[in-house]
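Colleague: If you scroll down you'll find the structure; I have some questions about it.
All of the numbers you see were taken from the coordinates with simple rules; none came from a lab. Everything numeric here is computed off the predicted structure, so don't read it as measured data. No Cβ is skipped: glycine too gets one built from the backbone with ideal geometry, and neighbour counts run over all protein chains shown.
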Amino acid sequence: NAGVTQTPKFRILKIGQSMTLQCTQDMNHNYMYWYRQDPGMGLKLIYYSVGAGITDKGEVPNGYNVSRSTTEDFPLRLELAAPSQTSVYFCASSYPGTGGTNTEAFFGQGTRLTVV
Amino acid sequence: QKEVEQDPGPLSVPEGAIVSLNCTYSNSAFQYFMWYRQYSRKGPELLMYTYSSGNKEDGRFTAQVDKSSKYISLFIRDSQPSDSATYLCAINDYKLSFGAGTTVTVRA
């Protein structure tokens, strides 16, 4: 099993450019997440999805967009990149538990993005 | 108010010491809690998973939940240099909210 795959692993963007971070999982998980992690900081939730066609904002959604057209894929779009978006981005997926809870989340290896 | 708060540390201990990590959470309705471990430049991995109040032990690791005070803890006994990592607590609801993480260094 590949698990959660993120591409690219590294990227340098110029201010104002756009890009899409790809995330795909092969575990048939309903829940998928995008987090950003700044140096020495925890994970901040950008967007999440509880199933295909359903997305919702997390803690820090400004400057980002997502879509979930299939169970497997959950791309994150950056429009008009800014230096404040320099971070490590993690995609994760999990299977729902009972009563709105979660089971173990599996993370990708991250995308290191620098905006200059 | 953040759903889960965690002291970011950092924490440095000698090998063999007990490591104690703590988080507080805001919503008393939460029942499931997780601890993730993250090595440098890697994605987080699930370490422990606990439900409601009480203790759960797995080898050198013990996770503890005190619902009356909305406090969750992770203890690492006989700490090893290989335990050096960032430890993140998480609330196990569909949003999967994480604490800030505590970076632990175990000195040989």
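Colleague: Can you pull out the residues in segment A:15-44 that are among the hydroxyl-bearing types (Ser, Thr, Tyr) and either more than 14 Å from chain B (Cβ to nearest Cβ) or surrounded by fewer than 17 Cβ atoms within 10 Å (Cβ to Cβ) (or both)? Talk me through it step by step, then tell me what you get.
Modeller: Filtering segment A:15-44 down to residues among the hydroxyl-bearing types (Ser, Thr, Tyr) leaves A:18, A:20, A:24, A:31, A:33, A:35.
Those that are among the hydroxyl-bearing types (Ser, Thr, Tyr) and either more than 14 Å from chain B (Cβ to nearest Cβ) or surrounded by fewer than 17 Cβ atoms within 10 Å (Cβ to Cβ) (or both): A:18, A:20, A:24.
Colleague: Which one of these is acidic (Asp, Glu) and over 25 Å from residue B:41 (Cα atoms): B:83, B:93? Reasoning before the result, please.
Modeller: On the way: B:83 fails: over 25 Å from residue B:41 (Cα atoms).
Criteria check complete, one pass: B:93.
Colleague: Can you name the residue in segment B:4-28 that is among the β-branched types (Val, Ile, Thr) and in a strand (DSSP E or B) and, of all such residues, is farthest from the chain's Cα centre (by Cα)?
Modeller: Step one: filter segment B:4-28 for residues among the β-branched types (Val, Ile, Thr), giving B:4, B:13, B:18-19, B:24.
Next, from what is left, pick out any that are in a strand (DSSP E or B): B:4, B:13, B:19, B:24.
Numbers: B:4: 11, B:13: 16, B:19: 10, B:24: 11 Å.
Checked segment B:4-28; the qualifying residue farthest from the chain's Cα centre (by Cα) is B:13.
Colleague: Return the total of residues in segment B:46-69 being aromatic (Phe, Trp, Tyr) and within 14 Å of another protein chain (Cβ to nearest Cβ).
Modeller: Just the residues of segment B:46-69 that are aromatic (Phe, Trp, Tyr), to begin with: B:49, B:51, B:61.
Then drop every residue that is not within 14 Å of another protein chain (Cβ to nearest Cβ), which leaves B:49, B:51.
Residues in segment B:46-69 being aromatic (Phe, Trp, Tyr) and within 14 Å of another protein chain (Cβ to nearest Cβ): 2 in total.
Colleague: Considering segment B:95-108 alone, what residues qualify as being surrounded by 20 or more Cβ atoms within 10 Å (Cβ to Cβ) and in a loop (DSSP other than H, G, I, E, B)?
Modeller: Keep residues of segment B:95-108 that are surrounded by 20 or more Cβ atoms within 10 Å (Cβ to Cβ), which gives B:96-102, B:104, B:106.
The answer is B:96, B:99, B:100, B:101.
Colleague: Out of all the residues in segment B:33-42, is one or more in contact (Cβ under 8 Å) with a residue 40 or more places away in the chain and not in a strand (DSSP E or B)?
Modeller: Yes - at least one qualifying residue is present in segment B:33-42.
Colleague: Which of the residues that make up segment B:8-32 are within 11 Å of chain A (Cβ to nearest Cβ) and touching a residue at least 12 places away in the same chain (Cβ under 8 Å)?
Modeller: Start the filter on segment B:8-32 by keeping residues that are within 11 Å of chain A (Cβ to nearest Cβ), which leaves B:8-10, B:23, B:29-32.
Result: B:8, B:9, B:10, B:23, B:30, B:31, B:32.
Colleague: Tell me, which strands (runs of 3 or more DSSP E) wholly within segment A:56-116 include 1 or more residues that are in contact with a Lys or Arg (Cβ under 7 Å, 6 or more places away or on another chain) and more than 9 Å from every other protein chain (Cβ to nearest Cβ)?
Modeller: Values: elements: A:64-66, A:76-78, A:87-94, A:111-115.
Hits in segment A:56-116: A:64-66, A:87-94, A:111-115.
Colleague: Give B:71, B:87, B:36 a once-over and let me know the one that is surrounded by fewer than 14 Cβ atoms within 10 Å (Cβ to Cβ) and of a type in the set (Phe, Trp, Tyr). Outline the logic, then answer.
Modeller: Details: B:87 fails: surrounded by fewer than 14 Cβ atoms within 10 Å (Cβ to Cβ); B:36 fails: surrounded by fewer than 14 Cβ atoms within 10 Å (Cβ to Cβ).
From the options B:71, B:87, B:36, the qualifying one is B:71.
Colleague: Still on this model: Out of the residues in segment B:71-108 meeting the condition of being polar (S, T, N, Q) and over 17 Å from residue B:34 (Cα atoms), tell me which one is nearest to the other protein chains (Cβ to nearest Cβ). Spell out the reasoning first.
Modeller: Residues of segment B:71-108 that are polar (S, T, N, Q), as a first pass: B:73, B:79-80, B:82, B:84, B:86, B:92, B:97, B:102-103, B:105.
Filter again for over 17 Å from residue B:34 (Cα atoms), leaving B:79-80, B:82, B:84, B:105.
Details: B:79: 21, B:80: 23, B:82: 20, B:84: 15, B:105: 13 Å.
Ranking the qualifying residues of segment B:71-108, first place goes to B:105.
Colleague: Another question about this same structure. I'm trying to understand the selection: among the residues of segment A:45-55, which are among the aliphatic types (A, V, I, L, M) and either within 12 Å of chain B (Cβ to nearest Cβ) or part of a strand (DSSP E or B) (or both)? First the steps, then the outcome.
Modeller: Just the residues of segment A:45-55 that are among the aliphatic types (A, V, I, L, M), to begin with: A:45-46, A:50, A:52, A:54.
Residues satisfying the conditions are A:45, A:46, A:50, A:54.
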